[in-house]
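J.: One structure, as structure tokens, below. Some questions next.
Coordinate-derived values only; no laboratory data. Keep in mind it's a predicted model, so treat the numbers as computed, not measured. When we count neighbours, we look across all protein chains shown, and the Cβ atoms used for this are built from the backbone with ideal geometry, even at glycine.
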Amino acid sequence: MSIEEVAVELPAADAPPLVSEAFGNRTVFEMELALQKACQILPPEYDSHENRCFIARSILARVGGGERTFGGMVSAGTVAVEQLRQRQEQV
């Protein structure tokens, strides 16, 4: 395969910015820590990539809504874990 055959797809102009581009380094670091804290209380039977993504999206939504405190980020992660627990109990 030659270099000419390799196609690199660039993000669309209307694609949302990457998290690291949308928020400062400290905020991204704190979001990662909040995700780790939330995943520590996640029951082992619920620990999956899909559930971790759900928690991360919950934290990101809170930060996107203006929350910038570490406590608020951890709270968003904890709420997401509780939602996952409730969802599993309903099944």
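J.: Can you tell me the Rg and Dmax of region 20-90, counting just the alpha carbons, in angstroms?
T.: My reading of the Cα-based Rg and Dmax gives 11.8, 38 Å.
J.: Which ³J(HN,Hα) values in Hz, rounded to whole numbers, follow from the phi angles of region 26-42 under the Karplus curve 6.51 cos²θ - 1.76 cosθ + 1.60, where θ = phi - 60° and Gly and Pro get x?
T.: 5, 5, 4, 4, 5, 5, 5, 5, 4, 5, 4, 4, 5, 5, 5, 9, 6
J.: As an exercise, use a Förster radius of 22 Å and the Cβ-Cβ distance of Glu89 and Thr69 to find the FRET efficiency, rounded to the nearest 0.05.
T.: 0.15
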